[in-house]
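Notes for the one structure printed next.
The values are calculated or read from the model by the stated rules, or taken from the named source; none is laboratory data. This structure is a prediction, so every number in the text was calculated from the model and none was measured. Here Cβ is always computed from backbone atoms with ideal geometry, including for glycine, and neighbour counts include all displayed protein chains.
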Amino acid sequence: MTSVGIDAIEIWTGNLKLDLPGTFAPQKGEDPEKYTKGLGLNASSFPDSYEDIVTMGANAAHRLMERKGLEPDDIGRIDVATESAFDNSKPVSTYVAGCLEQVFEGDFHHANKGERKFACIAGTQSLDDAYNWIRAGRHRGRSALVIATDTALYARGDAGEATQGAGAVAMLISEDPDLVELSTEQGYGSADETDFLKPNQQFPSVDGKRSVQVYLARMREALIDYQREAGDITVEDFRFAPFHTPFPGMVRKAALLAYRHVTRDTAIEDQLAEEIGRQPREEAFEDEDAYREAIREYMDNLKRTDRYQAWYAETIEPTLTISRDVGNWYTGSVHVARASALKHALENEIDVTGESLLVASYGSGAQAEIHSERVQDNWREEIAALNVDEQLAARYDISWDDYEEMHDVHNHEMDVDIEPLTTPTDEFAFDGWGRMGERKYTYVE
């Protein structure tokens with residue numbers, strides 16, 4: 001069977017930084033630890049006035065293609081996943097292709113282009129589409145370019161405002177990949193939910209409490225479904241478990257739920273029983289409320305055990321490092337988590353060659369998908385090529401006044417024109433409007 005997976009990955013973050021404990025919290029009259037410890041966030045990446053989903057996606061793709069020595073003829077498919085699109089007809093992928101054609105010889109006229117939408121899970125769905133396209137033999141030896149790009153902005157004053165972020169992840173999907181091989185097994189949890197949506201509006205309407213409940217419920221369903229295909233799994237089967245990360249605090253909840261589910265009826269549950277008792281079984285309770293209360297008490301005790309905390313520190317915590325400093329990237333968030341985990345392994349000289357990742361994606365509305373990935377021999381070279389640390393260090397630290405002005409710039413209902421806070425260099429930049437209201441871009445050297 002042909003091995004198909006992610007051959008290379010690049011990350012492009014917005015050029016501005018909003019410091020949450022130092023700038024955001026004082027303006028909100030909040031304790032900084034509400035953000036650093038509660039949400040698990042230190043900062044948000046934010047787009048300058050010349051940045052948007054096209055520039056960030058094109059910049060990530062340009063760097064990836066240049067590093068891999070690719071030309072347009074090597075790419076047979078460009079899929080862009082986003083929930084920040086600004087056109088209901090023309091896909092973002094065509095804009096990205098147009099940008100790339102400014103800097104490469106040749107064109108993408110014979111590449112299939114599309115745009116995927118299903119909230120934050122669309123990046124993984126685009127990955128699946130590319131995988132299926134190659135496995136079906138329709139790729140003619142070419143690779144697919146999958147780009148997850150978003151400006152995850154909320155209305156000012158919204159409860160989700162602190163979790164904002166902006167950035168893009170570009171992934172090259174190929175046969176015999178250098179980074180990770182994708183599994184054939186997948187698990188899904190999906191239902192018609194109203195937890196987060198944008199009905200013909202730019203900024204989301206969110207039921208925060210409901211969104212957390214739906215996220216956890218769909219993740220549990222996807223895990224059960226995955227086990228039907230892959231068989232029973234244990235917590236030792238996977239070196240890292242990258243989750244969709246709207247903010248690290250959400251992942252704390254999902255990881256605890258997954259750990260409880262996977263360790264049920266195992267030797268680990270037996271060993272933990274000596275300390276915190278066995279997991280409650282629903283049939284032992286007269287009503288559902290009593291059962292749910294017992295589950296909550298068990299999970300509160302579970303997360304305090306040394307065994308769980310050690311697993312979390314080794315398997316989950318490394319996936320959150322980058323997201324703590326960039327915020328939510330919607331379709332890119334789980335793919336940032338994967339990169340963060342492998343970056344941690346490289347920096348700490350942990351050999352993960354041949355080991356597995358359990359990747360848990362989610363999109364509101366709502367659907368979760370779980371699959372596994374096997375780390376390939378050349379993963380070190382691919383991860384070492386990332387320059388995300390340099391990008392994060394180079395961001396311009398904005399003041400509160402800067403933030404309010406720049407937020408207005410990116411509000412589609414406002415017409416605000418201000419000077420950029422940074423100078424674009426060797427990157428694509430928004431360059432005004434065309435005759436039919438289309439956005440125009442240029443490469444700035």
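Among the conditions (1) surrounded by fewer than 24 Cβ atoms within 10 Å (Cβ to Cβ); (2) touching a residue at least 12 places away in the same chain (Cβ under 8 Å); (3) of a type outside the set (G, A, S), E349 misses just one, which is (2).
Among residues of the stretch 302-321 that are free of Cβ contacts under 8 Å to residues at least 24 places away in the same chain, those with a Cβ under 8 angstrom from a residue that is in a loop (DSSP other than H, G, I, E, B), sequence gap 6+ or separate chain, pair up as Q309/K303. The residue that is surrounded by the fewest Cβ atoms within 10 Å (Cβ to Cβ), among those in the stretch 213-255 that are part of a helix (DSSP H, G or I), hydrophobic (A, V, I, L, M, F, W, C) and in contact with a helix residue (DSSP H, G or I) (Cβ under 7 Å, 6 or more places away or on another chain), is V235. Of all residues in the stretch 395-423, those satisfying the criterion of being more than 25 Å from the chain's Cα centre (by Cα) and not charged (D, E, K, R) are S399, W400, M414, V416, I418, P420, L421, T422, T423. Identification of strands (runs of 3 or more DSSP E) wholly contained in the stretch 10-95 with 1 or more residues that are under 15 Å from Q164 (Cβ atoms) yields 16-19, 43-46.
None of A136, A191, A122 is surrounded by 20 or more Cβ atoms within 10 Å (Cβ to Cβ) and modelled with pLDDT of 95 or more except A122. Please list, ordered by first then second residue, the pairs with beta carbon atoms under 6 Å, 6 or more apart or interchain, first in the stretch 13-37 and under 30 Å from A61 (Cβ atoms), second among the hydroxyl-bearing types (S, T, Y). Within 6 Å, the pairs are T13/S45; G14/S45; N15/T422; L16/Y396; L18/S44; L18/Y403; L20/Y35. The requirement of being of a type in the set (K, R), within 29 Å of the chain's Cα centre (by Cα) and part of a helix (DSSP H, G or I) is not satisfied by R292. Cβ-Cβ contacts under 8 Å between residues 6 or more apart (or on different chains), taken from a first residue in the stretch 231-258 that is under 19 Å from G38 (Cβ atoms) and of a type in the set (S, T, N, Q) to a second residue that is at pLDDT 95 or above and not in a loop (DSSP other than H, G, I, E, B), are listed as T245/V251; T245/T319; T245/L320; T245/S323; T245/S333; T245/V334; T245/V336; T245/A337.
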